[in-house]
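Enquirer: Have a look at this one before I ask anything.
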């Protein structure tokens with residue numbers, strides 16, 4: 001299966017996030033140390049992200065968003081538009097904002113709309129065993145998952161692992177530990193729609 005982006009390397013995907021965090025931090029008059037204290041992420045980690053040498057897990061993305069009092073999608077916004085009634089946005093195939101979140105390549109959709117109540121994205125899910133994927137993810141809200149290409153194994157802390165194939169879907173409580181793994185040797189592509197981020201601190205990565 002083709003990658004979500006045929007020309008972007010992992011380093012390319014880190015640029016948008018690092019530059020966006022730097023801009024948001026500077027706009028608030030925060031030093032890197034002050035942001036580190038605010039979001040409980042080491043200065044060294046934030047420095048690597050800003051210098052395009054690393055990315056953040058979903059749990060740490062939530063910490064940054066909550067510390068800066070923004071929606072998580074605003075970490076990927078490039079040309080934000082003011083909110084108004086009757087708004088809409090069109091995203092053509094492959095034109096979403098690309099980023100790296102945890103182990104997933106993510107095409108963030110609708111990033112030009114602020115203060116959304118839904119946060120959609122297309123995830124490229126790599127093949128790996130659960131122990132290779134690290135801990136299960138926990139974050140506020142709920143999420144809907146739809147398999148676009150390939151197949152995945154959905155691991156959750158409350159249920160036995162289940163395989164989902166192209167056209168299958170799942171709706172789950174995001175506060176319950178979960179992880180997506182491609183069940184084949186090729187990456188799978190899935191649509192994930194998360195509910196609005198609430199003002200709670202996400203559990204450990």
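The values are calculated or read from the model by the stated rules, or taken from the named source; none is laboratory data. Since this is a predicted model, take the numbers as computed values, not measurements. Cβ sites come from the backbone with ideal geometry, for glycine too, and all protein chains shown count toward neighbours.
Enquirer: Return yes when residue 163 is more than 16 Å from residue 57 (Cβ to Cβ), part of a strand (DSSP E or B) and free of Cβ contacts under 8 Å to residues at least 24 places away in the same chain and no when it is not.
Expert: Yes: the conditions hold for residue 163.
Enquirer: Is one or more of the residues making up region 46-67 surrounded by fewer than 16 Cβ atoms within 10 Å (Cβ to Cβ), at pLDDT 80 or above and outside any helix (DSSP H, G or I)?
Expert: Yes.
Enquirer: Name the residues in region 15-45 that are outside any helix (DSSP H, G or I) and surrounded by 15 or more Cβ atoms within 10 Å (Cβ to Cβ), would you?
Expert: 30, 41
Enquirer: Would a scan of region 74-89 turn up a residue that is at pLDDT below 80, part of a strand (DSSP E or B) and out of contact with any helix residue (DSSP H, G or I) (no Cβ under 9 Å at 6 or more places or on another chain)?
Expert: Checked region 74-89: at least one residue is at pLDDT below 80, part of a strand (DSSP E or B) and out of contact with any helix residue (DSSP H, G or I) (no Cβ under 9 Å at 6 or more places or on another chain).
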